[in-house]
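Written out below as structure tokens is the structure these notes cover.
The values are calculated or read from the model by the stated rules, or taken from the named source; none is laboratory data. What you see is a predicted model; the values in this text were computed from it and never measured. Every residue, glycine as well, gets a Cβ built from its backbone with ideal geometry; the counts of neighbours run over all protein chains shown.
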Amino acid sequence: MRRRSQLYVPGNNEHMIRKSTELEADSVILDLEDAVPADRKEEARQLIKRLLGELEWGKREVAVRINSPSTKEGLRDLALLADLDVDLVVVPKAEGDLSFIYRSLGVPLEPIIETARGLAMLEDVITSEGVVAVTYGPADLALSVGGQASRYQRSEYVRTALVVAARAYGVDSIDSVFFDLKDLAGFEAECRDARALGYVGKQVIHPSQLPIANAIFSPSREELELAREIVQAYESSAAKGKGAIRFRDQLIDYVHYMTAKRLLEDYGEGGQG
Ligand code: COA
Ligand code: MG
């Protein structure tokens with residue numbers, strides 16, 4: 001399962017939900033939380049229930065973002081999901097152990113770290129049963145700690161902590177949304193930076209961001225070719241007892257070999273050209 005792009009779609013917008021079945025998103029996240037006004041939550045639940053029974057999303061992963069499970073709206077969302085068939089539950093304001101959600105619904109989870117407690121308890125959140133991916137919300141995190149969103153949007157600490165914890169426990173790390181819909185160059189730069197940190201994908205809010213995220217989080221043909229050559233060169237010299245080699249005037253040893261091997265395993269021949 002690749003999660004290069006995860007598109008948020010407001011759960012009360014029938015046109016956008018229908019449209020999402022044709023868009024090139026790896027995951028579609030039908031939102032019941034912040035994209036839906038407080039007095040429209042029930043309407044959105046009923047709409048999602050109706051459209052899930054009717055529409056086909058093909059290979060796309062279909063997710064629902066619930067309200068925080070420690071609110072009444074969140075409990076109502078969980079009750080809805082008990083009767084629906086979705087691929088993933090996105091859990092906002094995740095704090096502590098979320099295993100009870102997975103145990104009751106049997107659906108994989110993607111927590112959003114966006115509160116002080118969530119960040120302080122990052123490991124408990126990520127190691128909850130059923131967690132397959134993790135993301136974060138800089139604006140809510142800033143609110144939670146009494147800071148500014150613009151500052152947390154470029155927090156090296158939070159971005160790195162997330163991706164390190166995700167790798168440590170074998171779950172996907174997904175970079176947070178980029179709000180400036182006109183600034184596609186800025187969006188692309190943020191995707192490249194996230195990939196360089198180790199993120200595997202990005203949450204997106206508009207169709208125009210999808211092709212960019214999909215391209216940046218897929219290896220290029222050149223990257224795949226280089227990885228194949230590194231694997232070959234390393235394996236043939238390792239067979240002769242040599243674990244460090246000169247490859248195009250660069251040192252290649254086990255870590256470079258493993259990085260290349262992982263790229264091929266994750267993307268194989270399926271990378272974009
Ligand atoms: N999912 C599916 N379709 C979307 C979409 C989305 N997130 N965002 C836009 N579209 C569709 C529009 O309906 C429109 O379709 P049409 O051409 O068939 O009419 C087309 O893409 C172009 O949209 P555009 O007019 O540029 O967008 P907008 O100005 O109407 O909407 C937003 C801008 C930000 C309100 C909208 O993109 C959106 O609601 N995004 C998701 C917000 C969200 O879920 N936030 C919660 C997580 S942060
Ligand atoms: Mg949030």
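Going through (1) of a type outside the set (Phe, Trp, Tyr); (2) at pLDDT below 95; (3) touching a Leu at 6+ places or on another chain (Cβ under 7 Å) one by one, GLY170 falls short only on (3). The sole residue among TYR254, TYR234, TYR199 that is of a type in the set (Ser, Thr, Tyr), touching a strand residue (DSSP E or B) at 6+ places or on another chain (Cβ under 8 Å) and over 21 Å from GLY137 (Cβ atoms) is TYR234. For the stretch 208-222, the tally of residues that are over 20 Å from GLU22 (Cβ atoms), in a helix (DSSP H, G or I) and touching a helix residue (DSSP H, G or I) at 6+ places or on another chain (Cβ under 7 Å) stands at 1. The residues of the stretch 22-37 that are within 15 Å of ligand 2 (Cβ to nearest atom) and either crowded, with 20+ Cβ neighbours inside 10 Å or among the hydrophobic types (A, V, I, L, M, F, W, C) (or both), listed by number, are ILE29, ASP31, LEU32, GLU33, ALA35, VAL36.
Within the stretch 194-206, residues that are more than 18 Å from ILE113 (Cβ to Cβ) reach partners that are at pLDDT 95 or above and assigned to a helix (DSSP H, G or I) with beta carbons closer than 8 Å, at six or more positions or on different chains, in the pairs ARG195/ILE216; VAL204/LEU210; VAL204/ALA213.
Going through the stretch 38-69 one residue at a time, which ones are in a loop (DSSP other than H, G, I, E, B) and without any contact (Cβ under 8 Å) to a residue 24 or more places away in the chain?
Going through the stretch 38-69, the residues in a loop (DSSP other than H, G, I, E, B) turn out to be 55-60, 66-69.
Listed by number, the list holds a single entry, LYS59.
For the stretch 209-247, residues that are of a type in the set (Lys, Arg) and under 26 Å from the mean Cα position of the chain (by Cα) total 1.
Identify the residue in the stretch 1-21 that is near ligand 1 (Cβ under 9 Å from one of its atoms) and part of a loop (DSSP other than H, G, I, E, B) and, among all such residues, is surrounded by the most Cβ atoms within 10 Å (Cβ to Cβ). That would be GLY11. When ASP193 is tested against (1) more than 16 Å from ligand 1 (Cβ to nearest atom); (2) in a loop (DSSP other than H, G, I, E, B); (3) surrounded by fewer than 17 Cβ atoms within 10 Å (Cβ to Cβ), only condition (2) is not met.
For GLU61, indicate whether it is more than 16 Å from ligand 2 (Cβ to nearest atom) and modelled with pLDDT of 95 or more. Before the answer, list the steps.
Working: more than 16 Å from ligand 2 (Cβ to nearest atom): yes; modelled with pLDDT of 95 or more: yes.
Considered against the rule, which asks whether it is more than 16 Å from ligand 2 (Cβ to nearest atom) and modelled with pLDDT of 95 or more, GLU61 comes out as yes.
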